[in-house]
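S.K.: Got a structure for you, written out below as structure tokens; questions coming shortly.
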Amino acid sequence: MLNQITTPKAHFGFTPGDDNELARWDKIVEYFYLLEKQSDRIAVTDMGPSTEGNPFLKVIITSPENHKNLEEIRKTSMQLADPRGLSQEEIDALVKKGKAVSVQSMSLHANEVGGTQMAINLAYDLCAKEDEEVMNILDNVVLVMVPCFNPDGQLMVTDWYYEYKGTEYDGCAYPKLYQLYTGHDNNRDAFCQNLIESRYMGQILFHEWMPQSYQDHHHMGSYGARIQIAPYKNPVRQDVDPLVWRELNWYGANMAYQMDENGLDGCSSGGQYPGWGHYGYHWITNSHNIAGMLTESASAKLASPKYIDPSQLKGDGDIVQPNYEQQNNFPSPWPGGWWRLGDIVARQYTAAYALLDTMARNKDAVLGNMAKKALNQTKRGQEGGIFAYIIPENQHDKSEVKNLIRLLRQQNIEVHKAVEPFSVGAVTYPAGTFVVFLGQPKMGVAKNLLGETHYPDNQWTRDASGALTAFDSATDAVNEYMGVEAIPAGQKFTGNFEIVECACHKPEILKGDKYVLSAKENSVFKTVNLLLKEGFKVYRIEACPWKDFYVEGDITAILEKAPTIHRLVDKPYDVMTEVKPLKVAMYQRYYMGNADEGWTRMVLENYGYDYTTVMDADVRAGLDGYDVLILPSDSEGFIVGPEHCPNDPMAQRMLQWVGPQPEAYRSGVGPEGVQKIREFVQKGGRLLVFNKSCNFAIKHLGLGVKNIVAGKPLKEFNTHGSTLKVKVDKKQQPCFGMPDQTMVFHWDGPVFEIADMIHAEDYNMPILYADRDVLRSGLLTGEQLLAGKGALVTCKKGEGEVVLYGFGPQNRAQTTGTFKLVFNMLYR
């Protein structure tokens, strides 16, 4: 077999992992299709185009016999993931005939290049080798591999590397977002699946295979362990079946053993990455009863070697591994020296291979555990304190109710809809109400997405200063992000329900010539933008408390393209204001780009807004011709330029990570650009400022607003990605169409009070934090600092205005409940 399979070196001219070489995605795609022609162990599927039109490959490697029975193996895997209604004898029979399934993905973060290079070598060996161990893996395991989770970024980073290879910038960081919209944030998209790549992975994991393991291969910083592997450290995510955590220990132990057996020192397990992290794929899978894990390898300089002096090696500085020294979970510290891409590839290969080997040797236990976890979770859901979540169809924004149901179905969470009215205690709900019963295998993920959650506060989550800290967002209660109510039902109830596949039916399109479009719906903004581009005149109805939209003419074609809730009326309203679209500019920088800017672009494009990206030179040239400038969340140092803000800790830390950059990619508007932004506002421009960028605006535009939490240490003020309750004045333009009370997504952002003692009339705070019990989900330290204070401030400045958002109104394109706060300000 070896002689019949083309080696990676023969195809690429080098072996992936060699110093100073990176295989490019187009050549990698060629190679996988070549392997498919030469071997009956591999099948390659192009799932469709990536965000920028490149192939997204799903590669299945297993024995030829398993390939012949692949559909039966797939169905068995899905049945074991949801064995409700099966007898134990039937489950045992499925275990006996089934095969273990592992999904592994590589290089989601495009500058973490080792995974995709490793995938080539792993695929070759599994297709070519015939030793007993490999044959046992092929006979007992189906590997579903995504050799590159981010094809677009792989091409960007590979081309960038070769452009500067051998220069003083050899191996430096790619200066832009290495995914069109998200950059590093793409692995925060698993539960909302805004990216097409995320939807492909969700299809593989939750709808096609429901594998027993998932492993995602990453890189990390350069100065600690050489690779971090399963298990995670504490704290662990709530409502995950205990067998998942045991499996992660089991798999990780075998990986670590094989690392040291093969002389690959520097392996740490159970450190740095907690079991409660963001709901990216390697974490959300645990809530799906899939043993989800990641590898994190120390980075080189892309493909170029990096020298690390022994004195530079550090521990994680936490309770698990405070120092860089030998300990139980880190028995063979790497001594320092030259660190190479080949070292990364070897360790990731071993982790990937050891996982397959462990599953092959214990196939029946792996499959049997999958059924046990599903039944355990179903029982917990039936007997726990919450029996179901009730999602009324008739809510403030009906379009977001449908989007929430779509999101839940993307996770393959079972959703029911009431065929007729039903009662829970003294409350009766109408037909059409959605219900998520927790008596299902996906109880854990449903509860984390729909339930009020509180980040754990214990010795594992307090840092050395005593501050409560979280790895990423402290809650993933997405219904709260979306402003959709999911009512927990603590008592059991019955009724006539049907299973929902989706909630994608369009509202009935009414035919007439005078329409009112509900301003409560996010969907209306896409409709309005299409109407404006087609030449229709659109108006706001002033007497309507929501400021609904009014339009005349035959708009049925637009409603087909962009459906939204509407009604017919007989005549125009007495007082209406014409809606005029504003010309929007949005600032973009280098230094690896700003993910908040990318997500904002996505949101604007999804809803049909036109905008222009402006870079440093554009800002310095002046912003004449624009009506609105958006500053996505960023530090002052990255807006003005790091050289002008040596005391900005965020910018200085990021510079150390990025390293030296070619002159053309050093960013910052500088003092001249700051002056142009001032002039833009003074002459009548509208400046929209998100979250951390508010500190820049307050300081450099001389606003009479104080951020009362500026400079507070985390032990005094901390929210770290939590939902907070706010009061809304919907009569004010930013808040048109909003409910009186809602939640905002807050990540250690500013909290406002008006400080101008002379012209306080120039300031308005249409959104205030609740007076007490401000936290809904996540964590909050320092409630007394924000209770009753300003969350959003409008500031008159000259002929223009500044709008300060002390939170993320469009965070990661997920916080749809506050999108209107931005959209309203893009019209005159």
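The values are calculated or read from the model by the stated rules, or taken from the named source; none is laboratory data. Please read all numbers here as calculations on a predicted model, not as lab measurements. Quick reminder, even Gly has a Cβ in these numbers, built from the backbone with ideal geometry, and neighbours come from all protein chains shown. Areas reflect the complete protein model, heavy atoms only, side chains present, ligands, DNA and RNA absent. Shrake-Rupley method; radii C 1.70, N 1.55, O 1.52, S 1.80 Å.
S.K.: Taking the range 286-325 on its own, how many of its residues are of a type in the set (S, T, N, Q), more than 30 Å from T158 (Cβ to Cβ) and in a loop (DSSP other than H, G, I, E, B)?
M.R.: Adding up the residues that qualify gives 3.
S.K.: Sticking with this structure for a sec: Check every one of the strands (runs of 3 or more DSSP E) wholly within the range 400-451 and list those with 2 or more residues that are within 22 Å of G817 (Cβ to Cβ) and among the β-branched types (V, I, T).
M.R.: Because the criterion is at least 2 residues that are within 22 Å of G817 (Cβ to Cβ) and among the β-branched types (V, I, T), the strands (runs of 3 or more DSSP E) in the range 400-451 that meet it are 434-437.
S.K.: So, restricting to strands (runs of 3 or more DSSP E) that lie completely within the range 709-828, which ones have at least 1 residues that are more than 21 Å from D397 (Cβ to Cβ)?
M.R.: 722-728, 752-754, 763-769, 775-777, 790-797, 800-805
S.K.: On to the next question. With the requirement that a residue be part of a loop (DSSP other than H, G, I, E, B) and either under 22 Å from G280 (Cα atoms) or in contact with a Phe, Trp or Tyr (Cβ under 6 Å, 6 or more places away or on another chain) (or both), what does the range 458-483 give you? Even if it seems obvious, please write down each step before you answer.
M.R.: Going through the range 458-483, the residues part of a loop (DSSP other than H, G, I, E, B) turn out to be 458-461, 463-467, 469-477, 483.
Within the range 458-483, W460, T461, T469, A470, F471, D472, S473, A474, T475, D476, A477, G483 meet the criteria.
S.K.: Further question on the same structure: Looking for something part of a loop (DSSP other than H, G, I, E, B) and open to solvent by less than 60 Å² (accessible area, probe 1.4 Å) - is there at least one such residue anywhere in the range 494-502?
M.R.: Looking through the range 494-502, at least one residue is part of a loop (DSSP other than H, G, I, E, B) and open to solvent by less than 60 Å² (accessible area, probe 1.4 Å).
S.K.: Among the candidates R653, R678, single out the residue that is open to solvent by 70 Å² or more (accessible area, probe 1.4 Å) and in contact with a Leu (Cβ under 7 Å, 6 or more places away or on another chain).
M.R.: After applying the criteria, what remains is R678.
S.K.: Okay, next question. Could you check, for the range 629-639, whether at least one of its residues is without any contact (Cβ under 8 Å) to a residue 60 or more places away in the chain, of a type in the set (F, W, Y) and surrounded by 15 or more Cβ atoms within 10 Å (Cβ to Cβ)?
M.R.: Within the range 629-639, one or more residues are without any contact (Cβ under 8 Å) to a residue 60 or more places away in the chain, of a type in the set (F, W, Y) and surrounded by 15 or more Cβ atoms within 10 Å (Cβ to Cβ).
S.K.: Residues in the range 128-135: is at least one surrounded by fewer than 20 Cβ atoms within 10 Å (Cβ to Cβ), within 20 Å of I73 (Cβ to Cβ), at pLDDT 95 or above and not charged (D, E, K, R)?
M.R.: yes
S.K.: Out of the residues in the range 605-623 that are farther than 21 Å from F696 by Cα and in contact (Cβ under 8 Å) with a residue 24 or more places away in the chain, which is surrounded by the fewest Cβ atoms within 10 Å (Cβ to Cβ)?
M.R.: Taking the range 605-623 as the starting set, the residues that turn out to be farther than 21 Å from F696 by Cα are 605-612.
Still in the running and in contact (Cβ under 8 Å) with a residue 24 or more places away in the chain: 606-612.
Details: N606: 14, Y607: 21, G608: 18, Y609: 19, D610: 14, Y611: 18, T612: 11.
Here the residue is T612.
S.K.: Here's something else I'd like to know. For the range 763-802, how many residues are surrounded by fewer than 17 Cβ atoms within 10 Å (Cβ to Cβ) and over 30 Å from P235 (Cβ atoms)?
M.R.: Of the residues in that region, 5 qualify.
S.K.: Could you check, for the range 168-182, whether at least one of its residues is assigned to a helix (DSSP H, G or I), modelled with pLDDT of 95 or more and not acidic (D, E)?
M.R.: There is no residue in the range 168-182 that is assigned to a helix (DSSP H, G or I), modelled with pLDDT of 95 or more and not acidic (D, E).
S.K.: Could you list, in sequence order, the residues of the range 213-226 that are surrounded by fewer than 21 Cβ atoms within 10 Å (Cβ to Cβ) and of a type in the set (S, T, N, Q)?
M.R.: Scanning the range 213-226 gives a single hit, S222.
S.K.: Can you name every residue in the range 484-493 that is in contact with a helix residue (DSSP H, G or I) (Cβ under 9 Å, 6 or more places away or on another chain), part of a strand (DSSP E or B) and aliphatic (A, V, I, L, M)?
M.R.: none
S.K.: Here's something else I'd like to know. In the range 227-261, what residues are open to solvent by 10 Å² or more (accessible area, probe 1.4 Å), among the aromatic types (F, W, Y) and closer than 19 Å to Q212 by Cβ?
M.R.: Those that are open to solvent by 10 Å² or more (accessible area, probe 1.4 Å), among the aromatic types (F, W, Y) and closer than 19 Å to Q212 by Cβ: Y232, W245, W250.
S.K.: When the range 749-761 is examined, which residues are found to be surrounded by 16 or more Cβ atoms within 10 Å (Cβ to Cβ) and either at positive phi or in contact with a strand residue (DSSP E or B) (Cβ under 6 Å, 6 or more places away or on another chain) (or both)?
M.R.: P750, F752, I754
S.K.: Okay, moving on. If D472 passes every condition in (1) farther than 30 Å from D318 by Cα; (2) open to solvent by less than 30 Å² (accessible area, probe 1.4 Å) but one, which one does it miss?
M.R.: Here D472 clears every test but (1).
S.K.: Just to check your reading of the model, which residue among G221, G252 is without any contact (Cβ under 8 Å) to a residue 60 or more places away in the chain and of a type outside the set (D, E, K, R)?
M.R.: Criteria check complete, one pass: G252.
S.K.: Taking the residues in the range 658-674 that are among the aliphatic types (A, V, I, L, M) and surrounded by 13 or more Cβ atoms within 10 Å (Cβ to Cβ) as candidates, determine which candidate is nearest to S299 (Cα to Cα).
M.R.: Within the range 658-674, the first condition is being among the aliphatic types (A, V, I, L, M), and the residues that meet it are 658, 664, 669, 674.
With the extra rule that they be surrounded by 13 or more Cβ atoms within 10 Å (Cβ to Cβ), the set shrinks to 658, 669, 674.
Values: V658: 12, V669: 31, V674: 36 Å.
For the range 658-674, the residue satisfying everything is V658.
S.K.: Sort out which residues of the range 173-186 are over 14 Å from D596 (Cα atoms) and open to solvent by 10 Å² or more (accessible area, probe 1.4 Å), and write them in order of number.
M.R.: Within the range 173-186, the first condition is being over 14 Å from D596 (Cα atoms), and the residues that meet it are 173-175.
Passing the criteria: A173, Y174.
S.K.: Let me ask something else about it. Among strands (runs of 3 or more DSSP E) lying entirely in the range 543-631, which contain 1 or more residues that are closer than 30 Å to D729 by Cβ?
M.R.: 549-552, 566-568, 576-578, 584-587, 628-631
S.K.: Now for a separate question. Test N479 against the criterion of being closer than 26 Å to V320 by Cα, open to solvent by less than 60 Å² (accessible area, probe 1.4 Å) and not β-branched (V, I, T), and give yes or no.
M.R.: Spelling it out, it is not the case that N479 is closer than 26 Å to V320 by Cα, open to solvent by less than 60 Å² (accessible area, probe 1.4 Å) and not β-branched (V, I, T).
Yes or no, residue by residue, for (1) among the hydroxyl-bearing types (S, T, Y); (2) part of a helix (DSSP H, G or I); (3) open to solvent by less than 10 Å² (accessible area, probe 1.4 Å); (4) at pLDDT 95 or above:
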site: F191; (1), (2), (3), (4): no, no, yes, yes
site: Y200; (1), (2), (3), (4): yes, yes, no, yes
site: L205; (1), (2), (3), (4): no, yes, yes, yes
site: P211; (1), (2), (3), (4): no, no, yes, yes
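S.K.: Tally up the residues in the range 686-720 that are of a type outside the set (V, I, T) and out of contact with any strand residue (DSSP E or B) (no Cβ under 9 Å at 6 or more places or on another chain), please.
M.R.: Residues flagged as of a type outside the set (V, I, T) and out of contact with any strand residue (DSSP E or B) (no Cβ under 9 Å at 6 or more places or on another chain) within the range 686-720 amount to 6.
S.K.: Could you tell me how many of the residues in the range 439-469 are among the hydrophobic types (A, V, I, L, M, F, W, C) and over 29 Å from A489 (Cα atoms)?
M.R.: Count: 4.
S.K.: Would you check if there is a residue in the range 65-77 being within 19 Å of T378 (Cβ to Cβ) and either at pLDDT below 95 or surrounded by fewer than 19 Cβ atoms within 10 Å (Cβ to Cβ) (or both)?
M.R.: The answer is no, given that none of the residues of the range 65-77 is within 19 Å of T378 (Cβ to Cβ) and either at pLDDT below 95 or surrounded by fewer than 19 Cβ atoms within 10 Å (Cβ to Cβ) (or both).
S.K.: Return yes when Q784 is free of Cβ contacts under 8 Å to residues at least 12 places away in the same chain and over 30 Å from K676 (Cα atoms) and no when it is not.
M.R.: yes
S.K.: Taking helices (runs of 4 or more DSSP H) that fall entirely within the range 53-163, which contain at least 3 residues that are touching a residue at least 40 places away in the same chain (Cβ under 8 Å), farther than 24 Å from I344 by Cβ and under 31 Å from the mean Cα position of the chain (by Cα)?
M.R.: 70-81
S.K.: Would you mind telling me which numbered condition in (1) touching an Asp or Glu at 6+ places or on another chain (Cβ under 9 Å); (2) on the phi > 0 side of the Ramachandran plot; (3) not basic (K, R) Q193 fails?
M.R.: The single condition Q193 does not satisfy is (1).
S.K.: Let me ask something additional. Anything in the range 643-665 that is over 25 Å from K306 (Cα atoms), part of a helix (DSSP H, G or I) and either modelled with pLDDT of 90 or more or among the charged types (D, E, K, R) (or both)? List them, or say none.
M.R.: E643
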